[in-house]
Each structure stands twice: as C-alpha cells, then as structure tokens.
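Notes for the one structure printed next.
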Amino acid sequence: MTKLFTIALICFFFLTNAQITTNVDLSNKFRFIEVKSHYGAFLKSDNALGSSGILDNGYGGITVKLGWQSTNPESWPSRYGYPSYGVGAYVGFLNDAQVFGVPNAVYGFINFPISSSDRRNVFSIAPSLGLTYSLNPFNAVENPLNESIGASAAVYFNIDLGFSYKFTRELDILYGVDFSHFSNGSTFLPNNGLNLYGINLGLRYHYNAAQKREGNIFTNDVLPARFKRPAKSLRDQTSENAISLYLAGGFSQRDEDMGTKTLYGTASAVLDYEHRFNEMHGVNAGFDMFFDNRLRNLESSERILTGIHVGYDFMFYKLTVKFQIGTYLSDDRGKGAFFMRPALRYDFSKKLFAQIGLKTLDGGAADYIEYGVGIKPFKW
C-alpha cells in the first residue's frame, strides 16, 4: 500500500509540474521555502489509549516545504486564483514515543489563496497528502496501549487554514490553525487513527530563481521575489453529463487478526451518473456493489452487498476530489446504516481515470481502501 501511494504521489506532482510550466514566461521563476512549528492536542477516543492519560500533554511538530508558484495565464491555475504547490516533510514530537514512535512524513501540498492579492494579510487553504513512517504499531505484548495505529506506516493528511503576512519584500510571517490525520485505512488493525488539531507559526521566504548575478553582485534588473496575482480569469462554465464505471480492489483485516499480517480481499464496483456544472463543481449519484471476503462466516454469495449513493465533486487540473455518502440496499452485514467515500481521481484522458478512495463504516470509521480504475463510456 505504501509503495503504491508513494508512486501515485510522485506521478501526481510530476504531471502537475509538467502542465503548469508549459508556455510559462521564463523571465520569472517564483519559488519559496517555508518552515512552520505546530502545537496542539489530540482528539481523544474512549478506549484504553484515551483513558491512559498519554494524550493529555498534546503534541509538537515541524514542517518544511519547498514550493513553486504557478504563473501561466493560459492554464488551469489562473482560474483558481493561481495556487502554489510543492513538496514537504514533517517531523512530529508526540509525548510518548515508546507508544507512538516518532512520526515522520513526506507529502505533496497545494495552497489555494482566498484573499485578494492586493492585501498584505492573505488567507489561504492548503491541503496536504502523503506518507507517514517510523510509527510504533500495536503489539498485544510489547505495545498494547497503541490502539490507534496497527502498522508502521500510514497515510498523512493535513488541512491548513492559514494567513501569510507580507513582512518584507521576500519574507512572510505565517500563522493559522490546522488538522492532521494518520491512518492506514484499516488495512491493518487497530486503526482508530491519530487526529491532531492545533495552531502553527512560521516563516516563508520568497525568491526568484531566474535572478541573474554578475560575480557576487546582483544586476540592476532586480526581478520581483513574489508573483503578483492578476484578476482571476473566468472559469469554463460548460456543463457536461457522463456515465462512469469504476472497479476497485483492496485488502483489510478482521478484528480477530489484529496484530498479525493476515489480510483478506475486498472489491467495489460503482456505476455513476455525473453532472458537471462547470470546470470546478459537479455532483454524482449511482449504484454500488461490494464484496468483502472478511465475512468468512457467510456463504460467498452473502459476502456481496449493494447500495446507492450521492456525492459532490471538486475539480482542478486533471484531478477530482470526491465525497460520496450512501446507504445499503441489501443487508448491511453489520456495517451500519450508511457509508461514505472520500476519494481522489486522476483523469488520464477524457474516458480513462484512476482513483484511490476510502470506503467507511457507519459513523465514518474506515472499512477499507479502494484502489481502482474507471472509464467514462458515455458523455453528452
């Protein structure tokens, strides 16, 4: 799972960078380096870990980011306020390393500015997605308290609601609030996950990689360190309808396999009607079929579940962030009255896509991760 996720992440940023840098004015190459400190608390659960007092003292962390600023007025960033993007690294300092380990993460991020570029204090929303490693997983004998993480690696997700204050020509003061989540999607149990929320404070240094030097002295043509965002271009308002078929597989554990390497196969098939209002927003609705081989006490035919769902799509570049909520038409086999599916889709072409999603149980707990591909045979 971790290898597949890392490969997908690398491909995403390679392809994004390739698209953004096409036909860009090479007289300016805007870059930035950012360092942030994080402080906060855990969202507690009512299990042995939550009642042990280990989570009471909160957490600390440091992130370092290297970013690129998109500038091409002809490409998709111009319609989204010219977001910046890049790669980052995270080191967490939890209050009991013997239980959790020392979580490190590598990730990609994209920063969507919300405030006008004319303001000195700019608000932005920055989601990050990557891989966490160096965790100390649950072990019934050696580490029984860690009922949050059942594997040494997990998915890292962070959402930052932050401000950047333009302090000097090159320097920003950063501050905000953020939420982080570590989870392996119930591939290995236990998987209550670690949920962290808090504040952050940092600095961002802007520079122009196209700046030329004569010896050790800058030329008289000093290039701007920051990109001044122009007014956003109008988005493509063309609506579209499509029928899509998505097939996915995955692996997960049963409760009785907790702490072992035993895995069982899962599968999903999704038939969707999709409506796009414009190049940014869309909705969908469709039918689901699930196969869960963890239901070993049932006949093969009884391990199949069916359902229906509705959802919302947020689209940018060739990516779609999906959120679906559904219910079962068949017996739910103890999974609860409804399920959710947050997912990330990448369109290889107008008809072919790949998607990674998380199917959940009633209440939002992870059921299993879906890795799949899909087609759109009909569009109008």
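Using a probe of 1.4 Å, the accessible surface attributed to ARG235 totals some 70 Å² when neighbouring protein chains are kept in position. Global dimensions of region 184-295 from alpha-carbon coordinates: Rg and Dmax equal 25.6, 72 Å. For the cross-link pairs LYS261/LYS359; LYS65/LYS359; LYS335/LYS376; LYS36/LYS322; LYS318/LYS359; LYS261/LYS351, the ones whose C-alpha atoms lie over 26 Å apart are LYS65/LYS359; LYS335/LYS376; LYS36/LYS322; LYS261/LYS351. Inter-part distance, region 130-154 to region 78-116, computed on C-alpha centroids, equals 21 Å.
Nonpolar atom fraction for the chain, defined as the carbon and sulfur part of the 1.4 Å probe accessible area, stands at 62 percent.
Of the GluC sites (Glu not before Pro) found in region 109-202, the ones in coil according to DSSP and having at most 12 other Cβ atoms within 10 Å of their Cβ are GLU142. Under the criterion of Cα pairs below 8 Å and six or more residues apart, the relative contact order for region 295-375 equals 21 percent.
Angle of helix 2-20 to the longest C-alpha principal axis of the chain, folded into 0 to 90 degrees and rounded to 10: 30°. Which residue, GLY364, GLY259, GLY176, has the most motion in a Gaussian network model of the chain that connects Cα atoms within less than 10 Å? Looking only at GLY364, GLY259, GLY176, the biggest GNM fluctuation is shown by GLY364. Solvent-accessible surface of the chain, averaged per residue with a 1.4 angstrom probe and all protein chains in place: 49 square angstrom. Computed over protein heavy atoms with a 1.4 angstrom probe, the accessible surface ordering of TRP76, TRP380, TRP68, largest first, is TRP380, TRP68, TRP76. Annotation for LEU329 and ASN139: the two label points, set 7 Å from Cα along the Cα-Cβ direction, are 4.8 nm apart. Per-residue ellipticity at 222 nm from helix content only, as computed over the chain with -39500 (n - 2.57) for each DSSP H run of at least four residues, stands at -2000 deg cm²/dmol.
In the context of the full protein assembly, MET289 retains an accessible surface of approximately 100 Å², using a probe radius of 1.4 Å and ignoring ligands and nucleic acids.
The values are calculated or read from the model by the stated rules, or taken from the named source; none is laboratory data. Keep in mind the model is a prediction, meaning the values are calculated, not measured. Cβ sites come from the backbone with ideal geometry, for glycine too, and all protein chains shown count toward neighbours. When the accessible area is computed, the model is the full protein with side chains, heavy atoms only, and any ligands, DNA or RNA have been set aside. Shrake-Rupley method; radii C 1.70, N 1.55, O 1.52, S 1.80 Å.
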